[in-house]
Amino acid sequence: MNHPCYICGLGAFVPSRVVSNADMEKLVETSDEWITTRTGIKERHFLDDDANASDAGASAAKAALAEAGIAAEDVTHLLVATCTPDHLSPSTACVIAGKLGLSASSGRMGSVMCMDFNAACTGFVYGLDLARSLLQIHPDAVILLVAAEALSRRTNFTDRSTCVLFGDAAGAVVISSSAEKALWEVKDVKCSSDGSLRDLIHIGGGTAEHIKVGDAIGPEWFVSMQGMAVFKQAVRHMSEESQQVLDRNGLSFDDIDLFIPHQANLRIIKAVGERLGLGEDKVFANVQHYGNTSAATLPVAMFDARRTGRLAPGMKLLLTSFGGGMTWGSALLV
Ligand code: UT7
């Protein structure tokens, strides 16, 4: 039996603190002109000092649950895609569960399975595949999939080649096999990776960076990236993966209402759209306002696309992403 997988609530959270390109000009040798021409980014949002990825994630989760009409106590699985977790342990999922008021005795359907996973910028697409797999063995599951990032905490503000690119945000969806409040059905997901390219994007702070109490931390704890190599891989894999998902579902891009690629760079978004022969009306971009928020870009973009009338429930939607690992994937929502 193949149990269907429906998204029945969508939420997003973007911090109110706006950091413009003019603000970046005060930090590093850069210009609004360079950032706009090379990336399309005009501004990004940073979390306040007293907020973490879990706070952004909990806010997005509450919005998604409210739309689904589901109480937090009814969630059975809480999956968090993040490459900027609050801690190495406990998981950001457990932190968010705590912030949603969930404990061992609070769940109406029993205790919640909580876990983080790291597929970097591809986390949301990977999470959709995890959710639909979980539904096959737990058809009554109510899955909260959260993508939450605090990239500003791992941005090297002395490195102009990366610090202008990133922002903080979170998005969340509620997923179940009940069609009752369905916004979209997750029809197909394809996820891929190439670990031989793992060094193209790196964020340290794990146990491979040996450190003792009192040691100073170095730049290896922060984002580093070989930009142009990543650019080429991103264009190639997002295009090919998307085409493969359409092919195996007997669809063409004419059948798709909206294509939402990972929001890292407007030039990448345009290059993928051109490679796939898509007009600008079919390709969604909001990287101008948020920068690259890693796993959060896709649910935030879905939220924005719906808010601005570009996307409505039941429209055929193709998502694709690419990120550190390297990882990439595409998802077909109908
Ligand atoms: O989310 C995961 C996936 N990530 C991505 O997809 C990101 C992929 N990569 C990119 O988006 C682009 O490669 C970047 C935006 C990171 C860089 O754009 P680029 O066109 O590849 O520029 P570049 O790194 O080749 O640098 C061009 C020049 C260099 O100067 P020279 O060597 O030509 O004199 C850089 O030093 O631009 C210089 N530069 C800057 N200048 C002003 C680099 N960063 C800056 C800056 N402001 N912020």
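Summary value for the stretch 205-278: 31 percent relative contact order, contacts being C-alpha pairs under 8 angstrom separated by 6+ residues.
Take every Cα pair under 8 Å whose residues are at least 6 apart in sequence, average their separation, divide by the length of the stretch 1-145, and the relative contact order is 27 percent. Within the set of other residues whose C-beta is less than 14 Å from the C-beta of K181, count the net charge using Lys and Arg as +1 and Asp and Glu as -1. Every neighbour counted, the sum reads -4. Show which aspartates and glutamates lie in cross-link reach of K212 when reach means a straight Cα distance below 16 angstrom and same-chain residues fewer than eight apart are skipped. Here the aspartates and glutamates satisfying the reach criterion relative to K212 are E220. The GNM of the chain, with springs linking C-alpha atoms under 10 angstrom apart, assigns the highest mean-square fluctuation among P139, P261, P85 to P139.
Summary value for the chain: 26 percent relative contact order, contacts being C-alpha pairs under 8 angstrom separated by 6+ residues. Could you sort out which of K232/K282; K181/K232; K26/K282 sit more than 30 Å apart by Cα distance in this structure? Pairs exceeding the cut-off: K181/K232; K26/K282. Sorting the segments 178-191, 213-226, 42-55 by their mean number of nearby beta carbons within 10 angstrom, highest to lowest, gives 42-55, 178-191, 213-226. For L311, nonlocal amide neighbours, meaning residues 5 or more places apart or on other chains whose placed amide H falls under 5 Å from its own, are R306. Taking a sphere under 15 Å around the Cβ of A22 and counting the other residues whose Cβ falls inside, with K and R at +1 and D and E at -1, yields a net charge of -1.
Protection proxy ranking, highest mean first, for peptides 273-284, 290-301, 145-156: 290-301, 145-156, 273-284, where packing is the per-residue count of other beta-carbon atoms within 10 Å, averaged.
Residues in the stretch 1-138 average 43 Å² of solvent-accessible surface per residue, probe 1.4 Å, ligands and nucleic acids excluded.
The values are calculated or read from the model by the stated rules, or taken from the named source; none is laboratory data. If you're wondering where the values come from, they're calculated on a predicted model, not measured in any experiment. Methodologically, a virtual Cβ is constructed for each residue, glycine included, from the backbone with ideal geometry; neighbour enumeration extends over all protein chains shown. Remember, those area values only see protein heavy atoms, side chains included, never the ligands or the DNA or RNA. Shrake-Rupley method; radii C 1.70, N 1.55, O 1.52, S 1.80 Å.
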